[in-house]
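Bear in mind that the values in this text are calculations on the coordinates, not laboratory data. Quick caveat: nothing in here was measured; it's all calculated off a predicted structure. Don't worry about glycine lacking a Cβ; one is built from the backbone with ideal geometry, like all the others, and counts go over all protein chains shown.
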Amino acid sequence: MKTLRLGFTTGNQALACLATLQVLILVNNASILCAQTTQEKTPSKSVPSKTMNPSNPFFEASKLPFQAPDFGAIQPEHFEAAFLAGFRQQLEQIRAITEQKDPPSFENTLVAMEKSGEILTRVSAVFFNLSGAHTNESIHEIERAVAPKLARHSDDIYLNKQLFERVEKLWDQRQELKLSEEQQRLLKKTYEDFVRAGARLTDAQQSQVRSINERISTLTTQFQNNLLAVTKERAVQVEDVRELDGMSEGEIAAAKQAATARGQDGKYLLAITNTTRQPTLTSLKNRPLRQRLWLASANRSLGENGGIDNQPIVLELAKLRAQRAGLLGYRDHASFTLENQMAGNPKAAMKMLEDLVPGVVDKVKAEAGLISEAMKEDGLTGPPEPWDWEYYAEKVRAKKYQVDESAIKPYFELENVLQNGVFYTYKKLYSVEFKERKDLPVWHPGVRVFDVVGQDGKPIGLFYADYFQRDSKRGGAWMDSLVSQTRLLHQLPVVINVMNIPAPAEGQPALMSLDHVQTMFHELGHGVHGLFSSVEYPSLSGTSVPRDYVEFPSTFHEDWAIEPDILANYARHYQTGEVLPKGLLDKAIAANKFNKGFDSLEYLSAALLDLAWHSLTPDQIPTDVVAFEKQTLAKYGVDLAAVPPRYRSSYFAHVWSGGYSAGYYAYLWSEVLAADAYAFMKATGGLTAANGASFREKILSKGGSREVMQQYVDFRGKEPSVEALLIRRGLRN
């Protein structure tokens with residue numbers, strides 16, 4: 001799951017986050033059986049034996065522990081054959097369901113569907129993990145070929161009239177079936193997925209939907225592949241090391257190493273990360289270079305100087321999504337998407353965002369005043385430019401709180417953070433241990449694998465960690481599953497966390513920013529949502545929950561990173577072992593709340609842009625992407641030049657190639673829950689096994705087997721309020 005958290009940039013693409021498998025989220029944002037990339041099942045015998053090539057590792061369940069994929073045996077040529085065999089297998093299994101003479105029952109229809117698609121599940125899980133975490137041109141070619149076929153396969157299932165008739169009969173009989181709560185949830189989800197895919201449309205309308213879906217799938221793949229290519233296209237080359245004044249020795253060495261890796265010996269390369277803001281902007285003293293770096297980031301994918309241009313893709317995707325929503329009976333794509341989310345409709349999501357704008361803008365203006373004063377000390381007059389903001393925000397932070405990011409990083413060495421911070425916290429809360437193992441093959445030498453074991457010594461699942469930035473990895477941070485937990489299929493979970501922490505130069509320690517530290521806590525929050533899942537059916541497993549709820553458990557775990565008792569356990573100087581001094585710690589915690597106006601506004605701007613794009617009807621689609629952005633930001637009063645959106649439309653992967661179309665607001669919606677839950681836990685004992693057990697049982701184990709607000713009320717005792725969020729974001733004391 002490409003996940004993204006507020007105050008930091010990710011992919012999501014997780015996934016989102018989350019889901020982050022852009023093609024498999026599929027074109028209607030409805031989970032479908034063939035797209036359950038976190039499933040792992042026993043191979044079906046319904047596939048003709050000639051397709052079961054024993055040399056293809058996807059045709060049988062892996063023999064490795066937890067059915068973990070055998071990355072040592074998997075070769076590029078296995079993917080396309082496995083996809084094609086997977087399509088055939090699942091369609092034969094669906095045909096067997098529809099052609100049986102027995103009347104529909106929960107077992108012979110819904111459970112049979114849950115058991116279908118074993119090969120496709122296996123190959124999808126691995127392939128789309130690699131397409132995000134360790135891609136190459138071979139994978140790109142396969143992805144371009146497979147994407148429209150996946151969309152077509154989805155439609156072959158969800159527009160199957162005979163299959164829908166069986167599901168609909170069960171839905172009509174739901175009161176008489178005496179189903180358990182989880183069975184009711186599965187029936188409701190399956191029925192709604194069919195209806196939202198277009199099962200009730202005429203043949204002619206379904207033909208239109210199929211055509212739109214295939215085109216959308218092709219475009220989202222093209223958009224994502226363009227973003228990976230544009231990070232190389234827009235990387236900033238520096239000739240003279242003196243221009244890098246302000247960067248640490250390790251960062252400069254890494255920039256030199258990056259340039260050498262691209263055949264630019266003696267030069268330095270500043271890579272572009274996925275958001276508008278760039279981490280290096282906080283330390284670079286050279287203003288022209290800061291400007292060059294910011295412009296390279298903010299104007300990417302706009303076709304400058306004949307470069308990559310995502311604008312035509314944005315316009316076509318917006319129109320196709322609007323057209324499809326109209327066919328399905330909705331005014332616009334946002335109305336369609338939010339119907340089955342916690343928000344319920346675009347108006348509710350928009351109101352939450354708009355209500356925050358005045359207070360956030362006031363906060364930004366106050367911060368801008370402080371930054372302008374700091375700029376005057378360097379002889380600069382006038383309002384701050386976007387490439388000035390973060391550099392001088394750090395100066396203000398250092399002066400106001402007497403703390404400097406570069407002074408803190410030596411206390412956040414990656415291994416210490418992971419073992420004595422993240423794993424320590426999760427052990428305290430959930431009584432689990434992470435034990436590294438070296439015997440399982442991985443997709444890149446930098447990937448690590450851990451057994452997750454309960455207090456009773458019983459295995460819970462596997463955890464893969466892929467933390468360092470590289471050219472073969474898309475930007476951001478996310479969680480995903482290679483195998484999902486399901487009692488039906490007797491599976492334990494295999495989950496992954498992917499981040500983009502700048503790799504240190506050879507022989508240097510991996511020192512992290514506080515943002516990266518909190519992101520590590522955040523992503524394992526997604527991880528335990530998958531690891532602690534305890535459900536029967538794959539479609540309801542782990543993070544199979546509404547998008548405006550899925551970021552709640554992960555965001556909840558972030559704040560433990562700055563708890564004084566936890567910090568004292570892991571924040572130690574990598575050279576001396578000295579604990580982060582309490583004075584510096586207190587200042588760092590206070591400083592962490594500074595610049596939250598900027599953080600909040602860049603997020604709000606992006607979320608408003610997302611909803612604006614997806615609230616258009618087909619005849620309202622503009623012809624100029626940049627002009628539409630300007631109009632939208634002005635309309636909602638967030639057009640502050642120094643604080644651009646976290647993502648501009650041309651590189652907004654969450655909404656164009658990820659699963660967050662009309663759903664980027666979800667991070668803030670989820671943060672309301674997270675802040676409220678964290679405040680509640682702090683007030684009832686804090687980091688205790690009893691609190692952790694309650695959160696695990698009532699939230700993390702449930703997946704989609706229970707209505708999500710009920711999950712929250714079961715844990716908290718009542719619905720959340722926004723008070724804790726305002727305090728968390730520094731908008732209220």
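I'd like the distance between the alpha-carbon centres of segment 96-115 and segment 282-338, rounded to an integer number of Å.
Taking the Cα centre of segment 282-338 as reference, the centre of segment 96-115 is 43 Å away.
Between the alpha-carbon centers of segment 64-80 and segment 129-178, tell me the distance in whole angstrom.
22 Å
Report, in degrees rounded to the nearest 10, the 0 to 90 angle that the Cα long axis of helix 137-158 makes with the longest principal axis of the chain.
50 degrees
Work out how far the C-alpha atoms of segment 234-298 reach from end to end along every principal axis, then list the three figures in whole Å, largest first.
If we take the Cα atoms of segment 234-298, the spans are 27, 21, 18 Å.
Can you give me the angle between helix 514-531 and the longest principal axis of the chain, using Cα atoms only, in degrees from 0 to 90, rounded to the nearest 10?
It works out to around 10 degrees.
Find how many whole Å separate the alpha carbon centroid of segment 430-459 from the alpha carbon centroid of segment 566-632.
31 Å
Going Cα to Cα from K256, which aspartates and glutamates come in below 12 Å? Please leave out same-chain ones fewer than 8 positions away.
Output for K256: E239, D240, D265, E506.
Only residues of segment 524-554 count here: report those whose backbone N is under 19 Å from the spot 7 Å along Cα→Cβ of A693, or say none.
Residues 532-534 fall inside that zone.
What is the gain in length, in nm to one decimal, between A204 and L488 on full extension, counting 0.36 nm per residue of separation less the C-alpha to C-alpha distance? Intermediate results must be reported in sequence, preceding the final value.
On the way: separation 284, 0.36 × 284 = 102.24 nm, distance 3.77 nm.
Computed gain between A204 and L488 is 98.5 nm.
So between Q455 and R287, what do we pick up on full extension, going 0.36 nm a residue minus the alpha carbon distance? All intermediate terms of the calculation are to be shown ahead of the outcome.
Working: separation 168, 0.36 × 168 = 60.48 nm, distance 5.36 nm.
That pair, Q455 and R287, stretches by 55.1 nm at full extension.
Just the number: Rg to Rh for the chain, Cα atoms, Kirkwood Rh, two decimals.
Details: Rg = 24.7 Å, Rh = 26.0 Å.
Result: Rg/Rh = 0.95.
For each pair in K363/K395; K319/K347; K285/K582; K63/K427; K63/K189; K189/K682, compute the distance between the two Cα atoms and list the pairs where it is over 24 Å. Write out the running numbers ahead of the final one.
Details: K363/K395 18 Å; K319/K347 21 Å; K285/K582 29 Å; K63/K427 29 Å; K63/K189 32 Å; K189/K682 35 Å.
Too far apart for the 24 Å limit: K285/K582; K63/K427; K63/K189; K189/K682.
How large is the dipole of segment 81-199 about the Cα centre if only Lys and Arg carry +1 and Asp and Glu carry -1, each at its Cβ, rounded to the nearest 20 debye? Can you show the working numbers first?
On the way: 17 positive and 19 negative charges, 17 e Å.
Charge dipole, segment 81-199, about its Cα centre: 80 debye, nearest 20.
Set the Förster distance to 41 Å, then compute FRET efficiency between R732 and E77 from the Cβ-Cβ distance, nearest 0.05.
On the way: r = 58 Å, r/R0 = 1.40.
Efficiency at R0 = 41 Å is approximately 0.10.
So, in nm, how far is label A348 from label S180 when the simple model puts each one 7 Å beyond its Cα toward the Cβ?
2.8 nm
Under a Cβ-only charge scheme (Lys and Arg +1, Asp and Glu -1), can you give me the dipole magnitude of the chain about the Cα centre, in debye to the nearest 20?
Computed about the Cα centre, the dipole is about 640 debye.
Per residue of the chain, what 222 nm ellipticity follows from adding -39500 (n - 2.57) for every DSSP H run with n ≥ 4, rounded to the nearest 500? All intermediate terms of the calculation are to be shown ahead of the outcome.
Details: 26 runs with 354 residues, N = 733.
-15500 deg cm²/dmol, from helical runs alone.
Could you work out how much longer the chain between A407 and E165 gets when fully extended? Use 0.36 nm per residue separation minus the Cα distance between them, nm to one decimal.
Details: separation 242, 0.36 × 242 = 87.12 nm, distance 6.46 nm.
Answer, rounded to one decimal: 80.7 nm.
For a label point 7 angstrom out from the Cα of E316 toward its Cβ, which stretches of segment 202-244 have the backbone nitrogen within less than 20 Å?
Output list for this probe position: 207-230.
Output the 0 to 90 degree angle, nearest 10, between the alpha-carbon long axis of helix 596-614 and the longest principal axis computed from the alpha carbons of the chain.
Approximately 40 degrees, to the nearest 10.
Antiparallel DSSP bridges in the chain: what percent, to the nearest 5?
The antiparallel proportion sits near 75 percent.
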